[in-house]
Amino acid sequence: MKSVFRKTCKLLTIAALLSHTGLAASSIQAEELPVVFQDDFENGVQRWQPTDAAKWKVTKQADGSNAYHLLGKSDYQPPHRSPHSISLIKDLVVGDFELTARVQTLQTSRGHRDMCIFFGYQDPANFYYVHLGQETDPHANQIFIVNDAPRVAISESTNAGTPWKDGTWHQVKVVRRVADGLIEIYFDDMDKPQMVTHNREFQFGQIGLGSFDDLGLWDDVVVRGIPAKASK
């Protein structure tokens, strides 16, 4: 059964959208969406909620800045086949949004080495995520939905594989438009999406970072959108 959180978020977010200058979020261009969250991890991780806090820490980089460090596969078993390592932004629920971040893999090269971004998150059994895998197959380098069942690829288009480079920071972007269900995934090239699909199953939810079962670094996370807070 879908969580009450999902229904509550939907109602609250609709109200927020209608109150925002009288426009639906889907009619607002990305550059006009307000910044609702940003974190460079210089002040800790108080706004993050990981599935396994012991596998996440803030690590100082060579340039003196901090990054959010995923140390490896989390000791967390999801209810359905889906990623283990998830860290959600606390107290932020959005419909339309644009997320940008920097990411670096620390995993040795292999077909399924990955980092993931989560969105439309309702509960541990209902959400979307993008798997930025090194090689593409039905279970890697796709946009997925977890809908009270093991994850299923829903990509309409993807690339041959995410071109990870060892020891390199990459730029990622996720664009979500609720009205037509658009989901776009960008990697390094911020003008051309690497993955595209349309799905309207989850129209609102939380956002998170992580990996299926690998390790890496995240930094400079920015979310533009229109938030609504679920009642407790």
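Residue under question is residue 183, and the condition is that it be among the β-branched types (Val, Ile, Thr), at pLDDT below 95 and either in contact with a Pro (Cβ under 9 Å, 6 or more places away or on another chain) or open to solvent by less than 30 Å² (accessible area, probe 1.4 Å) (or both); does it hold? First the steps, then the outcome.
Values: among the β-branched types (Val, Ile, Thr): yes; at pLDDT below 95: no; either in contact with a Pro (Cβ under 9 Å, 6 or more places away or on another chain) or open to solvent by less than 30 Å² (accessible area, probe 1.4 Å) (or both): yes.
Judged against the criteria, residue 183 is not a match.
Only one of 24, 62, 16 is modelled with pLDDT under 95 and open to solvent by less than 30 Å² (accessible area, probe 1.4 Å); which? Spell out the reasoning first.
Working: 24 fails: open to solvent by less than 30 Å² (accessible area, probe 1.4 Å); 62 fails: open to solvent by less than 30 Å² (accessible area, probe 1.4 Å).
Going through 24, 62, 16 in turn, the sole match is 16.
List every residue pair whose Cβ atoms lie under 7 Å apart, where the two residues are 6 or more positions apart in sequence or sit on different chains, the first residue falls within the stretch 171-194 and is farther than 16 Å from residue 144 by Cα, and the second residue, located anywhere, is at pLDDT below 95 and open to solvent by less than 30 Å² (accessible area, probe 1.4 Å).
178/25
For residues that are open to solvent by less than 20 Å² (accessible area, probe 1.4 Å) and either modelled with pLDDT under 95 or aromatic (Phe, Trp, Tyr) (or both), tally how many sit in the stretch 95-110.
Count: 1.
Is there any pair linking a residue in the stretch 135-150 that is on the phi < 0 side of the Ramachandran plot to one that is part of a strand (DSSP E or B) and open to solvent by 60 Å² or more (accessible area, probe 1.4 Å), with Cβ under 7 Å and at least six apart or on different chains, and which?
If the second residue must be part of a strand (DSSP E or B) and open to solvent by 60 Å² or more (accessible area, probe 1.4 Å), the pairs left are 144/152; 145/152.
Sort out which residues of the stretch 108-144 are closer than 26 Å to residue 167 by Cβ and touching a Ser or Thr at 6+ places or on another chain (Cβ under 8 Å), and write them in order of number. If you could, list the steps in order and put the result at the bottom.
Initially, the stretch 108-144 is screened for residues closer than 26 Å to residue 167 by Cβ, giving 108-118, 129-137, 140-142.
Within the stretch 108-144, 113, 114, 115, 116, 129, 132, 133, 134, 136, 141, 142 qualify.
Would you check which residues across the stretch 111-152 are in a strand (DSSP E or B) and open to solvent by 40 Å² or more (accessible area, probe 1.4 Å) and list them? First the steps, then the outcome.
Going residue by residue through the stretch 111-152, those that are in a strand (DSSP E or B) are 114-123, 126-133, 137, 140, 143-147, 152.
Residues satisfying the conditions are 137, 147, 152.
Condition first: under 21 Å from residue 92 (Cβ atoms), charged (D, E, K, R), open to solvent by 30 Å² or more (accessible area, probe 1.4 Å) and without any contact (Cβ under 8 Å) to a residue 40 or more places away in the chain. Can you find one or more residues in the stretch 38-53 that meet it?
The answer is yes; a qualifying residue exists.
Any chance the stretch 79-93 includes a residue that's surrounded by fewer than 17 Cβ atoms within 10 Å (Cβ to Cβ), in contact with a strand residue (DSSP E or B) (Cβ under 7 Å, 6 or more places away or on another chain), at pLDDT 95 or above and within 21 Å of residue 169 (Cβ to Cβ)?
Quick first cut of the stretch 79-93, residues surrounded by fewer than 17 Cβ atoms within 10 Å (Cβ to Cβ) only: 79-81, 90-91.
Narrowing the set further to residues that are in contact with a strand residue (DSSP E or B) (Cβ under 7 Å, 6 or more places away or on another chain) leaves 80, 90.
Those left that are additionally at pLDDT 95 or above: 80, 90.
This time we only want the ones that are within 21 Å of residue 169 (Cβ to Cβ), so: none.
Scanning the stretch 79-93, I find no residue that is surrounded by fewer than 17 Cβ atoms within 10 Å (Cβ to Cβ), in contact with a strand residue (DSSP E or B) (Cβ under 7 Å, 6 or more places away or on another chain), at pLDDT 95 or above and within 21 Å of residue 169 (Cβ to Cβ), so the answer is no.
The values are calculated or read from the model by the stated rules, or taken from the named source; none is laboratory data. Since the model is a prediction, treat every value here as computed from it, not as a measurement. Cβ: placed from backbone, ideal geometry, glycine included. Neighbour counts: every protein chain shown. The protein model used for the area step is the full one, side chains on, heavy atoms only, and it has no ligands, DNA or RNA in it. Shrake-Rupley method; radii C 1.70, N 1.55, O 1.52, S 1.80 Å.
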